[in-house]
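First up is the structure itself, then whatever we jot down about it.
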Amino acid sequence: MPTATPEGPAVTGQDDAAAPQEPTLDEQIAAYQREYGELDPQVEQVVSALGRLNRRMNVAYGRQVAALGISNAEWEVLKSLVLAGSPYRMGPGELAKRLGLTPAAMTHRIDRMASEGLVTRDRDENNRVRVIVELTDEGRTKWLEAMRMASAFEEDLLCDLSGGERGVLGELLIRVLRRVEHTQPDAGGRLTDLD
């Protein structure tokens, strides 16, 4: 019998029956094979597992950066500026290309981040027409905090694999990634802007 709790409505002790459950990988592959007999179940197992892993990792990373008061979109800009190296500066056009965004979406993102103190936007002293986006100390601190959280999550994610298994998995995934990059060289960006 459901019981009322001080925090909210009655609890049945069961998962919310209204929430649809994702089929297991085996169920998904069996359904695909039923509908498309030419399917290679081994290939489908790999790509479906990668897709689910990617989706769940993105949710976990999103929760981590949200706990820091930033969005995934802002994290991407912070990461790009750090990857550029000290003094952590780039033009908005370079950032937009790197992130696969339109200039308008990049401008919107930079405006928001500048108002939050994560980046500055100033004219280039050598070329007054050019704008430079630079990481602030606050932005770098947020990036470092996110990296600490992500490192702990990633270590836990791979805790069941030995060092050798991690190395093999990494090499195999890089081979697959190179294949995709070779056959789909324009697939690094977005189909649509996220913000």
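The values are calculated or read from the model by the stated rules, or taken from the named source; none is laboratory data. Here the structure is a predicted model, which is why all the values come from computation and not from measurement. Virtual Cβ from ideal backbone geometry, glycine too; neighbours counted across all protein chains shown. Areas reflect the complete protein model, heavy atoms only, side chains present, ligands, DNA and RNA absent. Shrake-Rupley method; radii C 1.70, N 1.55, O 1.52, S 1.80 Å.
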Starting at the first residue of the stretch 146-155, write each ³J(HN,Hα) from the Karplus equation 6.51 cos²θ - 1.76 cosθ + 1.60 with θ = phi - 60°, in whole Hz, x for Gly and Pro.
5, 5, 4, 5, 5, 4, 5, 4, 5, 4
Given that just one value was derived from the coordinates, which of [x] 1.12; [y] 1.00; [z] 1.34 is Cα Rg over 2.2 N^0.38 Å?
[z]
Per the helix-only model, the chain has a calculated mean residue ellipticity at 222 nm (DSSP H runs of ≥4, -39500 (n - 2.57) each, divided over all residues, rounded to the nearest 500) of -19500 deg cm²/dmol
The chain, Gaussian network, Cα under 10 Å: of Glu94, Glu125, Glu154, the residue fluctuating most is Glu125
Scan around Val119 for amide H atoms under 5 Å from its own, H built in the peptide plane at 1.01 Å from N, and keep only partners 5 or more places away or cross-chain.
Ala114, Thr136
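What is the dipole size for the chain, taken about its Cα centre, with +1 at each Lys and Arg Cβ and -1 at each Asp and Glu Cβ, in debye to the nearest 20? Display every interim value, and only then the final one.
On the way: 23 positive and 32 negative charges, 175 e Å.
Result for the chain is approximately 840 debye, rounded to the nearest 20.
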Provide the gained length on full extension for the span Arg140 to Asp40, in nm with one decimal, where the gain is 0.36 nm per separating residue minus the Cα-Cα distance.
31.4 nm
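For the stretch 95-195, what value does the Rg/Rh ratio take when both radii are computed over Cα atoms and Rh is the Kirkwood radius, given to two decimals?
Working: Rg = 18.5 Å, Rh = 17.0 Å.
Rg/Rh for the stretch 95-195 comes to 1.09.
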Can you tell me how much longer the chain between Val131 and Glu181 gets when fully stretched, taken as 0.36 nm per residue apart minus their C-alpha distance, in nm with one decimal?
14.9 nm
Let me check something: with ligands and nucleic acids excluded, how do Asp156, Asp137 order by accessible area (1.4 Å probe), largest to smallest?
Asp137, Asp156
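Using the heavy atoms of the protein chains and a 1.4 angstrom probe, tell me the accessible area per residue for the stretch 75-195 in square angstrom.
Numbers: 8110 Å² over 121 residues.
Normalised by residue count, the accessible surface of the stretch 75-195 is 67 Å².
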With a 1.4 Å probe and all protein chains left in place, how much of the accessible area of the chain comes from carbon and sulfur atoms, in whole percent?
54 percent
